[in-house]
Amino acid sequence: MMSEDQASNRMWGGRFASGPDAVMEAINASIGFDKKLYAQDIRGSLAHAAMLAKTGIISAEDEKKIAEGLKTILSEIENGKFTFSTRLEDIHMNVEARLAELIGHAAGRLHTARSRNDQVAVDFRMWVKEELERVDGALGGLIEAFLTRAEEHAASVMPGFTHLQSAQPVTFGHHLMAYVEMFGRDRSRVRDAIERLNENPLGAAALAGTGFPIDRHMTSAALGFREPTRNSIDTVSDRDFALEFLSISAICATHLSRLAEEIVIWSTPQFGFVRLSDSFSTGSSIMPQKKNPDAAELIRAKTGRINGDLIGLLTVMKGLPLAYSKDMQEDKEAVFDAAETLDLMLAAMTGMIGDMEINTQAMKKAAGAGFSTATDLADWLVREAGLPFREAHHVTGRAVALAEQKKCGLEKLALEDLTAINPAITEDVFSVLSVANSVKSRTSYGGTAPTEVRRQIRTWRKRLKRDAQTFKKG
């Protein structure tokens, strides 16, 4: 007959055979992932200790011991000599316990006038801020790669698509500059997010602030924050900065995925617009002729992972009453995962754009397919023959139908064929029916004309330079 303890162990089973205490330790502990915050935790503690000494809350002697102990712990972690314990739950308690081993009684004074609630908030904010700064740099590098290739191909014609059907000819440079605009918006969102989160949570304590005469402006300056947060309840319950990071990541990943999809399509033999280098593609295990765009496909897939991280944290936060709840321990893994994933996606895309081969001949040939200059004919009829656009549209439709019947492009129709449709058409119309002339004519601001593409490239280069100076000052 089993003892009561044996029955209990069997009920819990598996790796929790020791009973409910093991389950509680496993579900409660966050050290497995929040140890990633060790540098921010120690930095926050150093600033807090310095402030406590400056305001006379602890002695200068204790502050010196605390600082020396924390620097020793930082060195131990960075050198792989620190032992993390799930029994101590999180990074804060692991550091504090080791500090007590190193300096004794003085370690207990470090937690004066703070709580793990504001401690984790400041650690996490600093980590997200630093990650956003890394993303800002990565996006800058990606935009530079686009500008380089767009400049090379400012006049290289390709088909422009709507509904994935040939619409009007554009230049490859113009198409690439569309992504510059997308990633430029992502970068502006990153910088906006940094500005919004740049407030210091330290000093909010558990939820109500503290009666100690702390100087929150001092710790804000020490930790690189613009100012302290203004409401202690909101401070410990706020994870908007994490949600905003995930939202930015999801939007940026969506842009990367759209581009990855185009690269997958462009690299097929049926299109043949681009060829990826061996660094970003693989062969087939059975079909020797194949070259698979694996990096692009994985970027496309990883977008779903980042979207899941966003939805996961939104769901965690949606029903939480103020102020802090343990549910918020689930905030970090999603952010860490999204950050690591986005960093990899940006690096891979920057590499692909930088070294992929562009088949300008295949693009040029495809640019004239599908009667892509039909709109140019309609515009010419409005501009030169004075037809209302709707009538010009109808005349053009008849010309397209005739070209389909004759199995030729619009530019190959005989003048008499066109004048039979509308006598206002003259030989001058052929000046707009070629793909090259069509592209050159689109000189409106933001259009696809090579002159306009080059102007936008110059504008973006100036903007990148200006942004770098502004961000550095900030």
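The values are calculated or read from the model by the stated rules, or taken from the named source; none is laboratory data. Computed from a predicted structure; not experimentally measured. So basically every Cβ, Gly included, is an ideal-geometry build from the backbone, and we count neighbours across all protein chains shown. Please note that ligands, DNA and RNA were not included when accessible areas were found on the heavy atoms of the full protein model with its side chains. Shrake-Rupley method; radii C 1.70, N 1.55, O 1.52, S 1.80 Å.
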The listed residue being under 30 Å from Val190 (Cα atoms), surrounded by 21 or more Cβ atoms within 10 Å (Cβ to Cβ) and touching a strand residue (DSSP E or B) at 6+ places or on another chain (Cβ under 8 Å), out of Val128, Val122 | Val122
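Looking at the range 403-417, which of the residues that are in a helix (DSSP H, G or I) and either over 21 Å from Asn437 (Cβ atoms) or not hydrophobic (A, V, I, L, M, F, W, C) (or both) is least open to solvent (accessible area, probe 1.4 Å)?
Applying the filter and picking the extreme gives Asp417.
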Output yes when any residue across the range 240-254 is within 30 Å of Ile358 (Cβ to Cβ), among the hydroxyl-bearing types (Ser, Thr, Tyr) and assigned by the TED database to the domain that holds Glu297, and no when none is.
-> yes
The helices (runs of 4 or more DSSP H) lying entirely within the range 1-79 that contain at least 2 residues which are modelled with pLDDT of 85 or more are 31-34, 38-54, 60-78
When Ala436 is run through (1) open to solvent by less than 80 Å² (accessible area, probe 1.4 Å); (2) without any contact (Cβ under 8 Å) to a residue 60 or more places away in the chain, the failure sits at (2)
From Phe183, Phe225, residue being out of contact with any helix residue (DSSP H, G or I) (no Cβ under 6 Å at 6 or more places or on another chain), crowded, with 20+ Cβ neighbours inside 10 Å, closer than 29 Å to Ser247 by Cα and at pLDDT 95 or above = Phe225
Residue count, the range 131-151 (criterion: open to solvent by 20 Å² or more (accessible area, probe 1.4 Å) and either in contact (Cβ under 8 Å) with a residue 12 or more places away in the chain or in a loop (DSSP other than H, G, I, E, B) (or both)) | 8
For residues that are crowded, with 17+ Cβ neighbours inside 10 Å and either aliphatic (A, V, I, L, M) or under 32 Å from the mean Cα position of the chain (by Cα) (or both), tally how many sit in the range 200-215.
-> 8
Test each condition in (1) in a loop (DSSP other than H, G, I, E, B); (2) surrounded by 12 or more Cβ atoms within 10 Å (Cβ to Cβ) for Phe430 and report the one that comes out false.
-> (1)
Give the residues of the range 372-388 that are open to solvent by 40 Å² or more (accessible area, probe 1.4 Å) and part of a helix (DSSP H, G or I), sorted by residue number.
-> Thr375, Asp379, Val382, Arg383, Glu384
Within the range 296-316, track down each residue that is open to solvent by less than 40 Å² (accessible area, probe 1.4 Å) and in contact (Cβ under 8 Å) with a residue 60 or more places away in the chain.
-> Ile306, Asp309, Leu310, Leu313
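Just checking, which of Glu357, Glu404, Glu411 is in the same structural domain as Leu176 (by the TED database) and under 26 Å from Gly272 (Cβ atoms)?
Matching residue, one of Glu357, Glu404, Glu411: Glu357.
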Take Glu391 and decide whether it is modelled with pLDDT of 85 or more, open to solvent by 60 Å² or more (accessible area, probe 1.4 Å), more than 30 Å from Asp240 (Cβ to Cβ) and acidic (Asp, Glu).
-> yes
Kindly indicate which of Ser277, Ser257, Ser284 is open to solvent by less than 40 Å² (accessible area, probe 1.4 Å) and modelled with pLDDT under 85.
-> Ser284
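Taking the range 325-353, which residues are hydroxyl-bearing (Ser, Thr, Tyr) and either assigned to a helix (DSSP H, G or I) or closer than 23 Å to Glu130 by Cβ (or both)?
Of the range 325-353, the ones hydroxyl-bearing (Ser, Thr, Tyr) are 325, 341, 350.
Residues satisfying the conditions are Thr341, Thr350.
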Output the qualifying pairs, or none if there are none: Cβ atoms under 9 angstrom, residues six or more apart or on different chains, first residue in the range 394-410 and over 17 Å from Ala378 (Cα atoms), second residue among the aliphatic types (A, V, I, L, M) and surrounded by 13 or more Cβ atoms within 10 Å (Cβ to Cβ).
-> Lys406/Leu413
Residue ID - nearest to the chain's Cα centre (by Cα), chosen from residues in the range 333-349 that are under 30 Å from Ala208 (Cβ atoms) and crowded, with 22+ Cβ neighbours inside 10 Å = Val335
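Listed here are the residues, each with its yes/no results for (1) at pLDDT below 95; (2) assigned by the TED database to the domain that holds Ala250.
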residue: Lys81; (1), (2): no, no
residue: Ser85; (1), (2): yes, no
residue: Leu102; (1), (2): no, no
residue: Lys129; (1), (2): no, yes
residue: Leu147; (1), (2): no, yes
